[in-house]
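> After the structure tokens below, expect a handful of questions from me.
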Amino acid sequence: MNKEILLSNIDKIHTTEMGIDRIKKNLKLDTNDVVEYCKNKVLDKNCNIYKQGKNWYCEIENIIITINSYSYTIITARTLC
């Protein structure tokens, strides 16, 4: 699947309150703007973006971000190890 689809819809990416808490905890982030943090990771030229089923997976710097391909909701983000 063409990652340009995700990149061209980067402004639609969002998450829920629960998603914010989950991402902050999983990645040990000290920022309240986890959506902006995730968008920046997705936009990084070194990010490996691929689609499996209904989700996009974005892997960079030992982090994997899962984004629903229909709603552009960040489901979760976690470290790979």
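The values are calculated or read from the model by the stated rules, or taken from the named source; none is laboratory data. This one's a predicted model, so the numbers in the text were calculated from it and none came from an experiment. Don't worry about glycine lacking a Cβ; one is built from the backbone with ideal geometry, like all the others, and counts go over all protein chains shown.
> Just for region 63-81: of the residues that are at pLDDT 95 or above and more than 10 Å from the chain's Cα centre (by Cα), which one is farthest from residue 14 (Cα to Cα)?
79
> Which condition from (1) under 16 Å from residue 72 (Cβ atoms); (2) polar (S, T, N, Q); (3) touching a residue at least 12 places away in the same chain (Cβ under 8 Å); (4) surrounded by fewer than 12 Cβ atoms within 10 Å (Cβ to Cβ) is the one that residue 8 breaks?
Just one mismatch for residue 8, condition (3).
> Would you point out the residue of region 11-56, among those that are among the basic types (Lys, Arg) and not in a helix (DSSP H, G or I), that is farthest from residue 79 (Cα to Cα)?
54
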